[in-house]
Amino acid sequence: MTRQKFFAGNWKLWGTQAEAKALIAALATGIQGSKHRILVAPPYTALAAVKQAVKGGPILVGAQDCSALESGARTGEISVGMLKELGVDVIILGHSERRQFHNETDKLVNDKLKLALKHGFEVIYCNGETLAEREAGKASEVVIRQTKEALAGLSEADLGRLTIAYEPVWAIGTGKTATPKDANDIHQVIRKTIAELYTKKAADAIIIQYGGSVKPDNVKELMAMSDIDGALVGGASLKADSFLAICTFDK
Ligand code: PEP
């Protein structure tokens, strides 16, 4: 089955409004006519500026997280309603930095996922094992557990608005990339888990991105793998030339 490739740039803690506008302007021409889906996820404070800058073009806008509550006493958090008002298309959930530095559990990620889907968003759901878990031979086990917990309560129809990003924690921002084969093996494990939880049709259709030090010089071999359908990109998405080279790897 042919799946449309999906490239997402996670800007993390980078991007004033002025920087964001300049980066979108630099990306816009290069991305025109791309057959892939492209998304940028700036910090909350640049979402409105980015939404305005991408207007009329193909670039989707993502948020890097959302609150698990629709409203209430959660100082510093941003609700799904607020993101909707800004015209956000996709919410990234379960990123390993949220898990590591903000103690997010699979249960919390599942709550956020259900809330985001209920409010009509698409979601990029991230999972992946730590170095210790990989070295202990537990990569598959961890990713299966995370996938099952994240998807609890989701219908097969919900999966139509879900992308999974497999991001081995040890490869994020470290310059270390999983070998294309190692990454593809885990993507197949995730796809098999979806087939067991839902149907083979759902498993064949779901988009699974790889994330972890994706760069212009390794994107081609990763995208050549049977079950890798795009990438979630951190560092290399902050410069127009490197993100464009990734998004147009097959040109
Ligand atoms: C990420 O933050 O999701 C990521 C994959 O970062 P990097 O590309 O910098 O490893």
Across ASN218, ASN110, ASN127, the residue with the highest GNM fluctuation in the chain (Cα network, 10 Å cutoff) is ASN218
The stretch 50-113: radius of gyration over Cα atoms, expressed as a fraction of 2.2 N^0.38 Å: 1.21
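How would MET225, MET82, MET1 line up by accessible area, probe 1.4 Å, largest first?
Working: MET225 50, MET82 95, MET1 150 Å².
Sorted descending by solvent-accessible area, the residues read MET1, MET82, MET225.
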For SER140 the rounded accessible area (nearest 10 Å², probe 1.4 Å, non-protein molecules ignored) is 50 Å²
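At most 15 other Cβ atoms within 10 Å and a DSSP loop assignment: could you name the trypsin sites (Lys or Arg not before Pro) in the stretch 113-164 that fit?
Here the trypsin sites (Lys or Arg not before Pro) that fit, given the DSSP loop and packing criteria, are LYS138.
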For q = 0.08, 0.10, 0.12, 0.16 Å⁻¹, what log10 I(q)/I(0) does the chain give under the Debye formula with an equal point scatterer on each alpha carbon and no solvent? -0.27, -0.43, -0.64, -1.21
Sort all Cα-Cα distances of the stretch 27-159 into consecutive 5 angstrom bins from zero, then give the percent of pairs in each bin up to the one containing the longest distance. 2, 10, 18, 19, 18, 14, 11, 6, 2, 0
Cut-off under 12 Å on the C-alpha distance; same-chain residues fewer than 8 positions from LYS148 excluded. Which aspartates and glutamates are left, in chain and number order? ASP106, GLU196
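Counting other Cβ atoms within 10 Å, keep those with at most 15, restrict to DSSP loop, and tell me which chymotrypsin sites (Phe, Trp or Tyr not before Pro) in the stretch 126-218 are left.
Working: sites: TYR166, TRP170, TYR198, TYR210; in loops: TYR198.
For chymotrypsin sites (Phe, Trp or Tyr not before Pro) across the stretch 126-218 that sit outside H, G, I, E and B with at most 15 neighbouring Cβ atoms in 10 Å, the list is empty.
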Between the DSSP loop rule and a limit of at most 15 other Cβ atoms within 10 Å, which trypsin sites (Lys or Arg not before Pro) in the stretch 12-101 are left? LYS35, LYS55, ARG74
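Over the chain, what is the mean sequence separation of C-alpha contacts under 8 Å (at least six apart), divided by residue count, expressed as relative contact order in percent?
Values: 458 pairs, mean separation 51.8, N = 251.
After rounding, I find 21 percent.
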Calculate the tail of P(r) for the stretch 95-147: the fraction of all Cα-Cα distances greater than 15 Å, expressed in %. 53 percent
Nearest-20 debye value, the stretch 6-247 charge dipole, Cβ charges on Lys, Arg, Asp, Glu: 380 debye
Which whole-Hz couplings ³J(HN,Hα) result when phi for each residue of the stretch 148-162 is put into the Karplus expression 6.51 cos²θ - 1.76 cosθ + 1.60, θ = phi - 60°, listed in order with x for Gly and Pro? 4, 5, 5, 8, 4, x, 8, 8, 5, 5, 4, 4, x, 10, 10
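Whole-Å semi-axes of the stretch 145-238's equivalent ellipsoid, largest first, each the root of 5 times a Cα gyration tensor eigenvalue?
Details: eigenvalues 118, 34, 27 Å².
Those come to 24, 13, 12 Å.
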So, with +1 on the Cβ of K and R and -1 on the Cβ of D and E, and no other charges, what is the size of the charge dipole of the stretch 28-162 about its Cα centre, to the nearest 20 debye? 340 debye
Counting only protein heavy atoms and a 1.4 Å probe, tell me what percentage of the chain's accessible area is made up of carbon and sulfur. 55 percent
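Rounded to the nearest 500, what is the chain's calculated 222 nm mean residue ellipticity when only DSSP H runs of at least 4 contribute -39500 (n - 2.57) each, over all residues? Display every interim value, and only then the final one.
Values: 11 runs with 104 residues, N = 251.
Only helices count here, giving -12000 deg cm²/dmol.
Assign unit charges at the C-beta atoms only (+1 for Lys and Arg, -1 for Asp and Glu), then state the dipole size of the stretch 85-153 relative to its Cα centre in Debye, rounded to the nearest 20. Walk me through the numbers on the way to the answer.
Numbers: 10 positive and 12 negative charges, 42 e Å.
Its charge dipole is roughly 200 debye.
The values are calculated or read from the model by the stated rules, or taken from the named source; none is laboratory data. Note that the coordinates shown come from a computational prediction; the quantities given were computed from them, not determined experimentally. Reconstructed Cβ throughout: ideal geometry from the backbone, glycine too, with neighbour counts over all protein chains shown. We work out accessible area using only protein heavy atoms, side chains counted, and drop any ligands, DNA or RNA first. Shrake-Rupley method; radii C 1.70, N 1.55, O 1.52, S 1.80 Å.
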